[in-house]
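Scroll down for the structure; my scribbles are underneath it.
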Amino acid sequence: MTEATLLPRNEDGIETVIGVLRQRFGERLQTGASMREQHGHTTTWIENQSPDAVVFPHSTEEVADVVRACAAHKVPVIAFGTGTSLEGHVNAPGGGISVDLSQMDKVLAVHAQDLDCVVQPGVTRADLNTYLRDQGLFFPIDPGANASLGGMAATRASGTNAVRYGTMKDNVLALEAVMADGRVIRTAQRARKTSAGYDLTRLLIGSEGTLGLITEITLRLQGIPEAISSARCSFPSVDAACRAVIMTIQYGVPVARIELLDEQSVRAANAYSQLTLPETPLLLLEFHGSETGVLEQAETFREIAEEFGGTGFAATTSTEERNKLWQARHDMYWATLQLRPGARGISTDICVPISRLAEAVTAAQDKAAELGLLAPIVGHVGDGNFHTLILIDMDSEVEVANARQFVSWLNDLAISMDGTCTGEHGIGQGKRPYLVKELGEATDVMATIKQALDPDNILNPGKILPG
Ligand SMILES: Cc1cc2nc3c(=O)[nH]c(=O)nc-3n(C[C@H](O)[C@H](O)[C@H](O)COP(=O)(O)OP(=O)(O)OC[C@H]3O[C@@H](n4cnc5c(N)ncnc54)[C@H](O)[C@@H]3O)c2cc1C
């Protein structure tokens, strides 16, 4: 188990704030043990550190009231979306109040002509896309979990479509946020571009609830493409598959998705999603464009794949077949866990420059084998980002030690390749040591910003920054 640091608790302040919030929120303030535990970290191997209470606000004003009460008594405030983050982000190492934003779940406006919309933070990505479908629009960022858009903005999330449409940093036009002193700010208007002052939108994106609580998000939308086709192709090795990816990207084929599954992941997908894919490394692709455009893209990819020994290339425009394949991809976390029932899954998240991708994936496979770890790989490889899901028996000290060694080695490898220890999951508690290794003195500047905006360190303390 990775131990999360404990912070000093402000017992009196916490008790007073719970009293104040109970008066204000009645039954929308909960202190039961299981509710509190659900709002501490529940994914992967970082221990759960429950908050002291969970509050469910319905409006920006209510969020600001919570923050002001906590600020007055120097009590930690931890924003909570759907709790799917993977690095102990929602833990409460010094106790405090979890602000669950799931009941702020309204789509406030869709400006179809401007291709944007305004949502509350508790709207999930799947709910937004269901809402938009009839208008011929979609929001492309799709983490494997049905996360909240507030949580996705706060972690700078991405997913399978990022190779074409970018990450949350590219798809948020403006934010409304409650700052540590209870002030409510708007970071930008809806204009597509702006040179107006410091970019507070980008500052808050990826700040993991440590600089402000996001209460409204203005998102860029996309028109549903005229044609969509998907394809799959098997390869003799992950090295060959990654080399095909590198060439596809370098050729400028505008793939919408290009995802790698290694042989163990394909085995897991076959068993979990009742598929019959050849159990060798696999690339799954999606192409967006005009009818002829998607055919051309698929053909260019097929030619590249053949150069690297790709076989069994199959493309389809059938929505049903496509959905089945991508549902299987989105279910990979659960499918992989079934390879070893009872084991814990620890997800890594490195991202390297695309030219180093094949080397990094092959090295990760070799290192996992050397340490005797079962660690299937899936990746958003068009961006140079991939995950190993290490399956370990938490009762085995040897396995836990080997998994720790692997995670540390892999993060160091990414950093040594001019890459990052986290392409999309964020820092939370788990990756704090690597942030310093990766960015050095820049973390001091981050600490200065944090100190200026949250001098009493009440917003999600113990996350991102070391110490
Ligand atoms: C099966 C699975 C697959 C995943 N696949 C991907 C993937 O493909 N890509 C990817 O990027 N991630 C992925 N993740 C990780 C996770 O889904 C993302 O990090 C997601 O963005 C978290 O959103 P959430 O609503 O669950 O946030 P939470 O886990 O609730 O919170 C995450 C962080 O954001 C802060 N926060 C939440 N809401 C707000 C708010 N309104 N204002 C300020 N701060 C806030 C929290 O304090 C916390 O620090 C996956 C996770 C799982 C379990």
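What trypsin sites (Lys or Arg not before Pro) does segment 1-71 have in DSSP loop regions with at most 16 other beta carbons within 10 Å?
Here the trypsin sites (Lys or Arg not before Pro) that fit, given the DSSP loop and packing criteria, are R9.
Among residues other than P376 whose Cβ falls under 12 Å from its Cβ, what is the net charge (Lys/Arg +1, Asp/Glu -1)?
That sum, taken over residues with Cβ under 12 Å, equals -1.
Heavy-atom accessible area per residue, segment 227-326, 1.4 Å probe: how many Å²?
42 Å²
The chain: Rg/Rh from Cα coordinates, Kirkwood Rh?
Taking Rh as the inverse mean 1/r over Cα pairs, Rg/Rh reads 0.97.
From the phi of every residue in segment 170-186, what ³J(HN,Hα) in whole Hz does the Karplus formula 6.51 cos²θ - 1.76 cosθ + 1.60 yield, where θ is phi - 60° and glycine or proline is x?
Working through the residues one at a time gives 8, 10, 10, 8, 7, 9, 10, 9, 9, 8, 5, 9, x, 5, 9, 10, 10 Hz.
Give me the percent of accessible area attributable to carbon and sulfur for segment 227-326, probe 1.4 angstrom.
Ligands and nucleic acids excluded, carbon and sulfur give 50 percent.
Going by average Cβ density within 10 Å per residue, which order do the peptides 451-461, 370-380, 385-395 take, highest to lowest?
Top of the packing list down: 385-395, 370-380, 451-461.
V110: net charge of surrounding residues, Cβ under 11 Å, Lys/Arg +1, Asp/Glu -1, itself excluded?
That works out to -3.
Leaving out ligands and nucleic acids, and using a 1.4 Å probe, what accessible area per residue does segment 107-223 come to in Å²?
40 Å²
Pairing the Cα long axis of helix 319-330 with the longest principal axis of the chain, what angle in degrees results, from 0 to 90 and rounded to the nearest 10?
Approximately 60 degrees, to the nearest 10.
By per-residue mean of other Cβ atoms within 10 Å, what is the highest-first order of 133-144, 108-119?
133-144, 108-119
Kindly report, to the nearest 10 Å², the accessible surface of L211 as traced by a 1.4 Å probe over protein heavy atoms only.
Near enough 10 Å² of accessible area.
Quick one: what are the phi-derived ³J(HN,Hα) couplings along segment 98-115, Karplus 6.51/-1.76/1.60 with θ = phi - 60°, whole Hz, x for glycine and proline?
Taking θ as phi minus 60°, the curve returns 8, 9, 7, 9, 5, 8, 9, 10, 9, 7, 7, 7, 10, 9, 4, 5, 8, 6 Hz for segment 98-115.
Where does helix 238-250 land angle-wise versus the long Cα axis of the chain, in degrees 0 to 90, nearest 10?
That works out to roughly 80 degrees.
Is the C-alpha gyration tensor of segment 34-137 telling us rounded, prolate or oblate? Criteria: a/c under 1.5 is rounded; beyond that, a/b larger than b/c is prolate, otherwise oblate. List each step's numbers first, then the result.
Numbers: a/c = 3.19, a/b = 1.67, b/c = 1.91.
Since a/c reaches 1.5 but b/c is at least a/b, the shape of segment 34-137 is classed as oblate.
State whether segment 227-326 is rounded, prolate or oblate according to the following rule on the C-alpha gyration tensor (a ≥ b ≥ c being the square roots of its eigenvalues): a/c under 1.5 gives rounded; otherwise a/b larger than b/c gives prolate, and the remaining case gives oblate.
Judged from the Cα gyration tensor, segment 227-326 comes out oblate (a/c at least 1.5, b/c at or above a/b).
Can you give the log10 of the normalised intensity I(q)/I(0) at q = 0.10, 0.11, 0.16, 0.17 Å⁻¹, computed with Debye over equal Cα scatterers of segment 107-223?
Treating every Cα as an identical point scatterer, log10 I(q)/I(0) equals -0.26, -0.31, -0.68, -0.77.
Quick check on the chain: helices-only [θ] at 222 nm, where DSSP H runs of length 4 and up contribute -39,500 (n - 2.57) each and the sum goes over total residues. Nearest 500, please.
Calculated from helices alone, the mean residue ellipticity at 222 nm is -11000 deg cm²/dmol.
For Cα pairs less than 8 Å apart in space and 6+ apart in sequence, what is the mean separation divided by the residue count of the chain, i.e. the relative contact order in percent?
Result for the chain is 16 percent.
Using mean Cβ contacts within 10 Å as the protection proxy, how do 82-88, 361-367, 319-325 order, highest first?
So the order, starting with the most tightly packed, is 82-88, 361-367, 319-325.
The values are calculated or read from the model by the stated rules, or taken from the named source; none is laboratory data. A quick note: this is a predicted structure, and the numbers were derived from the prediction, not measured. Note that each Cβ is placed from the backbone with ideal geometry, even for glycine, and that neighbours are counted across all protein chains shown. Note: accessible area is taken over every heavy atom of the protein model, side chains too, but ligands, DNA and RNA are not part of it. Shrake-Rupley method; radii C 1.70, N 1.55, O 1.52, S 1.80 Å.
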